[in-house]
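**Q** First the structure, which I've put down as structure tokens, then a few questions once you've had a look.
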Number of protein chains: 2
Amino acid sequence: LRINGARLRSALDTVNQVGFVPGHGRTRLALSDADRDARNLLVGWLKDLGLEVVVDDVGNIFGKRRGHDDRLPPVLVGSHIDTVKRGGQYDGVLGVMAALEVIRSLEDHGIETDRPIWVVNWCEEEGTRFPPGLVGSAVWSGLRTPDWAYGLTDSAGLRFGDELGRIGYRGETPAAACPVHAYLEVHVDQGVVLEQSGKTIGVPKGIVGLRFATMHVEGRADHAGGMQMVQRHDALCAAAEMILQVNALPNRFGADMVTTVGEMHVRPNSRFTVPASVDFAVDIRCWDDDLALRAWEELNEFCEAAARRRICQVSGETLLFTGRLPFDQSLTSMVEATARELGHTTHPMASGASHDAANLCQIAPTAMILVPLIGGRSHVPEEETSWYDCEAGANVLLQCVLKSGAAVS
Amino acid sequence: LRINGARLRSALDTVNQVGFVPGHGRTRLALSDADRDARNLLVGWLKDLGLEVVVDDVGNIFGKRRGHDDRLPPVLVGSHIDTVKRGGQYDGVLGVMAALEVIRSLEDHGIETDRPIWVVNWCEEEGTRFPPGLVGSAVWSGLRTPDWAYGLTDSAGLRFGDELGRIGYRGETPAAACPVHAYLEVHVDQGVVLEQSGKTIGVPKGIVGLRFATMHVEGRADHAGGMQMVQRHDALCAAAEMILQVNALPNRFGADMVTTVGEMHVRPNSRFTVPASVDFAVDIRCWDDDLALRAWEELNEFCEAAARRRICQVSGETLLFTGRLPFDQSLTSMVEATARELGHTTHPMASGASHDAANLCQIAPTAMILVPLIGGRSHVPEEETSWYDCEAGANVLLQCVLKSGAAVS
């Protein structure tokens, strides 16, 4: 039994026309018109399969296929169809379309299962629009409240709750987890680790610890031509020193750590004015929680000292902090064994990228099925995989669903 | 004979209500609605004085007071009423209002002059909206063409020519200098040099050499959690090294140099994406042209090396380069002598800030009358001077106009 690769490709391509701008990838920021249009496609397909479609009150979409014993905890499979700005064609949407294709394949072959199988599209995974992301799965998993989600604002000041209503995806069913037998998510790897291993299926032991923070640097605006250098309080120069220090942390704390400053805002951002203030984002990821904490503490000490030298002030604000999140060992082992049964090579790893699975693994047995990314290029228009690997990942998902769902015919 | 200080203060305060937001200073970006409203005030006042008002085809406003011999080259006095974002209450507008007040004082006392006296408001001095600034005076002085001005675009892609028409200040008179007997501009100093001298009137020998450039750094976008550090092409880290180098140039090339990075743009500027590209502004000012050139060349070498280390590419684009611009020695001496005759202390200096006088001094005898800034804070809402100094500057202007214009009654 295999999935229909051509049909999976076609579904992917159809969704990826939504928000596509030639040369600039796909932009389906959460709760945008493009996100709504992609959701509408998905809901249509789920209904075509005769599934019960449920939209919960934070915008997660479930397509529920009944089991022989529909009271059993379901097998939940899916991911997200929102993207970053100018994103690629696999991140997130591959997992949702693979889940859809699994259901289509079950229908093709008239296969029923003891357990219900639910396809899920989680709302606002990326966090590009409403940081820190993973919003829908966090609320559904009980880690956050709906009101927390509703109050999130985008850079234009628009609120998550309002935007969810605007696109017509604020459902009435409360977002609240039921017991889940297994959560499985197919996703493209977002780094170079899996590709460099030369293997087809990545089997993460879990998600690395994450810290998403913002540094606020306060200096003083001055005329660029009139203020002598030594009397300046140049917030941008202070921030530049700090950014280089963020970048240097992995060299000092170990190769498994990755750190990034991806976003910054300079005020007033005027060519002829010494910058008065700078905010910049800090992203620290590491499997070793102790190292990650020490790196953050040392970064703060460095930033304090750099700010003092530049006659500025600095404060750090952590938006999200999680220690590493291990997945379910027996489900992970089943993914690995299933992949090998299908003739694929596998690679045990840690996921440096976060996923909705990071929330789900806190309430249900969870595993992921990663496929290799080419050249490590994710969150970019050029994001690419080999199609062989995508099909392989979807077939591993199908077999795992058959096992977990207890196929009966 | 003295100007009417209370009337000058009142005119200043009236213009400064335009574009004012409490706590955020005044924002009258060139060719904005606020700029238009301030222009309308000025034009009304010039007409009330019976002056002939001429708006040229790049938006400069002239108020022409006839001389006994109106064919003689005029004495031109003024500055600009546009501001940076969140600017102060003196930069530019003090010089225009002082010029207006000089005419009002001549009228009060029925004083006529042999030469015509023209008040001028130059269009888009600051360059915050349409870099590199000094636009109207550059075209009028023949250093740039009207088409160059019309084609300038702001960050929203709006064109100078269109915006000039939109606010109703695209006149029909060609912007073209006639012979000018003397150009005089009162302005607040924009640094700490004059204040620290303890003197009342600053008499600049000229404007320092300027280079306004933009550095473009090209790296590569990658997923913040998935791409290993050593394989990144992080444009922001490369830019951070370059920005610190810009900041370090004056330490190496001499204390009279000042350098600034005031503006930068990070793309895609997304928390979870390694920055793909960064543009940042470079501002180098120095009285010594050779040092300034060596600093720019060395900066470029450094940037090339930093880009290579970070697997990025860099290119520098100079938007404006001028060597130092000396003012007219005899006119400068007259300003100094006049200030002393009025009992004020004077300080010879170079202006680190550029002004429309930088363009005018290339076609006409030019001098400036600077008044001290408190704490060196210009281009900020808190910009402040002592009112005694402002009146002193306006009175020096009045006496210089009487001498240059050859008062006859």
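**Q** Name the one entry in B:VAL314, B:VAL335, B:VAL266 that is away from chain A (no Cβ under 14 Å), part of a strand (DSSP E or B) and of a type in the set (A, V, I, L, M).
**A** B:VAL314
**Q** Out of B:ARG115, B:ARG159, report the one residue that is basic (Lys, Arg) and farther than 25 Å from B:SER333 by Cβ.
**A** The match here is B:ARG159.
**Q** Could you please find all residues in the stretch A:65-81 being touching a residue at least 60 places away in the same chain (Cβ under 8 Å) and closer than 12 Å to A:VAL119 by Cα?
**A** Result: A:PRO74, A:VAL75, A:LEU76, A:VAL77, A:GLY78, A:SER79, A:HIS80.
**Q** Moving on to the next point. Would you mind finding the one in A:VAL203, A:VAL230 that is of a type outside the set (Lys, Arg) and over 30 Å from the mean Cα position of the chain (by Cα)?
**A** A:VAL230
**Q** So which residues in the stretch B:153-188 are open to solvent by less than 60 Å² (accessible area, probe 1.4 Å) and in a helix (DSSP H, G or I), if there are any at all?
**A** B:PHE160, B:GLY161, B:GLU163, B:LEU164, B:GLY165
**Q** Determine which member of the set B:PRO132, B:PRO73 is within 14 Å of another protein chain (Cβ to nearest Cβ), open to solvent by 10 Å² or more (accessible area, probe 1.4 Å), under 22 Å from B:ALA175 (Cβ atoms) and not in a helix (DSSP H, G or I).
**A** B:PRO132
**Q** Please specify each residue of the stretch A:135-152 satisfying the condition of being buried (at least 18 other Cβ atoms within 10 Å of the Cβ) and either in a loop (DSSP other than H, G, I, E, B) or not small (Gly, Ala, Ser) (or both).
**A** A:VAL135, A:VAL139, A:TRP140, A:SER141, A:ARG144, A:PRO146, A:TYR150, A:LEU152
**Q** If you don't mind, there's one more thing I want to ask. Among the residues that make up the stretch A:155-166, is at least one of them within 14 Å of chain B (Cβ to nearest Cβ) and closer than 29 Å to B:ARG267 by Cβ?
**A** Within the stretch A:155-166, one or more residues are within 14 Å of chain B (Cβ to nearest Cβ) and closer than 29 Å to B:ARG267 by Cβ.
**Q** Next up: Identify the single condition in (1) part of a strand (DSSP E or B); (2) more than 14 Å from every other protein chain (Cβ to nearest Cβ); (3) under 18 Å from B:SER79 (Cα atoms); (4) not β-branched (Val, Ile, Thr) that B:PRO348 does not satisfy, given that it satisfies every other one.
**A** (3)
**Q** OK, next. So which residues in the stretch A:357-375 are within 14 Å of chain B (Cβ to nearest Cβ) and either surrounded by 24 or more Cβ atoms within 10 Å (Cβ to Cβ) or among the hydrophobic types (A, V, I, L, M, F, W, C) (or both)?
**A** A:ALA357, A:ALA358, A:MET368, A:LEU370, A:VAL371, A:PRO372, A:LEU373, A:ILE374
**Q** Taking only the stretch B:114-129 into account, find how many residues are closer than 12 Å to B:SER79 by Cα, open to solvent by 20 Å² or more (accessible area, probe 1.4 Å) and in a loop (DSSP other than H, G, I, E, B).
**A** 0
**Q** Sticking with this one: Within the stretch A:371-388, is there a residue that is assigned to a helix (DSSP H, G or I), more than 18 Å from the chain's Cα centre (by Cα), at pLDDT 95 or above and farther than 13 Å from A:ALA182 by Cβ?
**A** Yes - at least one qualifying residue is present in the stretch A:371-388.
**Q** With (1) outside any loop (DSSP other than H, G, I, E, B); (2) within 17 Å of the chain's Cα centre (by Cα) as the list, and A:ILE81 as the residue in question, which single condition is left unmet?
**A** (1)
**Q** Also, I was wondering about something else. For residues that are more than 7 Å from chain B (Cβ to nearest Cβ) and not small (Gly, Ala, Ser), scanning just the stretch A:248-258, find the one that is most open to solvent (accessible area, probe 1.4 Å).
**A** For the stretch A:248-258, the residue satisfying everything is A:ASN251.
**Q** Go through A:ALA353, A:ALA307 for me and flag whichever is within 30 Å of B:THR273 (Cα to Cα) and within 14 Å of chain B (Cβ to nearest Cβ).
**A** Being within 30 Å of B:THR273 (Cα to Cα) and within 14 Å of chain B (Cβ to nearest Cβ) holds for just one of A:ALA353, A:ALA307, which is A:ALA353.
**Q** Please find, among B:ILE81, B:ILE111, the residue that is aliphatic (A, V, I, L, M) and surrounded by 21 or more Cβ atoms within 10 Å (Cβ to Cβ).
**A** Sole residue among the options that is aliphatic (A, V, I, L, M) and surrounded by 21 or more Cβ atoms within 10 Å (Cβ to Cβ): B:ILE81.
**Q** Which one of A:GLU163, A:GLU124 is under 24 Å from A:GLY352 (Cα atoms) and among the charged types (D, E, K, R)?
**A** After ruling out the rest, the residue left standing is A:GLU124.
**Q** Another question about this same structure. Taking the stretch B:275-306, which residues are surrounded by fewer than 19 Cβ atoms within 10 Å (Cβ to Cβ), closer than 15 Å to B:PRO250 by Cβ and in contact (Cβ under 8 Å) with a residue 60 or more places away in the chain?
**A** Within the stretch B:275-306, B:ASP288, B:PHE302 qualify.
Conditions (1) in contact (Cβ under 8 Å) with a residue 40 or more places away in the chain; (2) under 26 Å from A:GLU52 (Cβ atoms); (3) in contact with a helix residue (DSSP H, G or I) (Cβ under 9 Å, 6 or more places away or on another chain), marked per residue:
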| position | (1), (2), (3) |
| --- | --- |
| A:ASN121 | yes, yes, yes |
| A:GLU124 | yes, yes, yes |
| A:THR128 | yes, no, no |
| A:VAL135 | yes, yes, yes |
| A:ALA149 | yes, yes, yes |
| A:LEU152 | no, no, yes |
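**Q** Can you find even one residue in the stretch B:200-218 that is surrounded by fewer than 24 Cβ atoms within 10 Å (Cβ to Cβ), under 30 Å from A:ARG285 (Cβ atoms) and at the interface with chain A (Cβ under 10 Å from one of its Cβ atoms)?
**A** no
**Q** Which of the numbered conditions does B:GLY59 fail, given that it passes all the others? Conditions: (1) in contact with a Gly (Cβ under 7 Å, 6 or more places away or on another chain); (2) surrounded by fewer than 24 Cβ atoms within 10 Å (Cβ to Cβ).
**A** It is condition (2) that B:GLY59 fails.
**Q** Among residues belonging to the stretch B:221-247 that are part of a loop (DSSP other than H, G, I, E, B) and under 26 Å from B:THR318 (Cβ atoms), point out the one that is nearest to the other protein chains (Cβ to nearest Cβ).
**A** Among them, the one singled out is B:ASP234.
**Q** Within the stretch B:219-238, how many residues are open to solvent by 10 Å² or more (accessible area, probe 1.4 Å) and under 30 Å from B:PRO250 (Cα atoms)?
**A** Final tally of qualifying residues: 2.
**Q** Taking the criterion of being within 17 Å of the chain's Cα centre (by Cα) and of a type outside the set (Ser, Thr, Tyr), would at least one residue in the stretch B:326-342 satisfy it?
**A** Looking for residues that are within 17 Å of the chain's Cα centre (by Cα) and of a type outside the set (Ser, Thr, Tyr), one finds at least one in the stretch B:326-342, hence yes.
**Q** Under 7 Å between Cβ atoms, at least 6 apart or on separate chains: pull out the pairs that start in the stretch B:319-343 with a residue that is within 12 Å of B:LYS403 (Cβ to Cβ) and end on any residue that is assigned to a strand (DSSP E or B).
**A** B:LEU331/B:ALA182; B:LEU331/B:THR366; B:LEU331/B:ALA367; B:VAL335/B:VAL203; B:VAL335/B:ALA367; B:VAL335/B:ILE369
**Q** For the stretch A:269-311, name all the residues that are touching a His at 6+ places or on another chain (Cβ under 8 Å) and assigned to a strand (DSSP E or B).
**A** A:THR273, A:VAL274, A:SER277, A:VAL278, A:ASP279, A:PHE280
**Q** Checking A:GLY191 against (1) under 14 Å from A:ALA307 (Cα atoms); (2) within 9 Å of chain B (Cβ to nearest Cβ); (3) part of a loop (DSSP other than H, G, I, E, B), which single condition isn't satisfied?
**A** (1)
The values are calculated or read from the model by the stated rules, or taken from the named source; none is laboratory data. Note that the structure is predicted; figures quoted are calculated from it, not measured. Cβ atoms come from the backbone with ideal geometry, glycine included; neighbour counts cover every protein chain shown. Side chains are part of the model used for accessible areas, which takes the heavy atoms of the whole protein and leaves out ligands, DNA and RNA. Shrake-Rupley method; radii C 1.70, N 1.55, O 1.52, S 1.80 Å.
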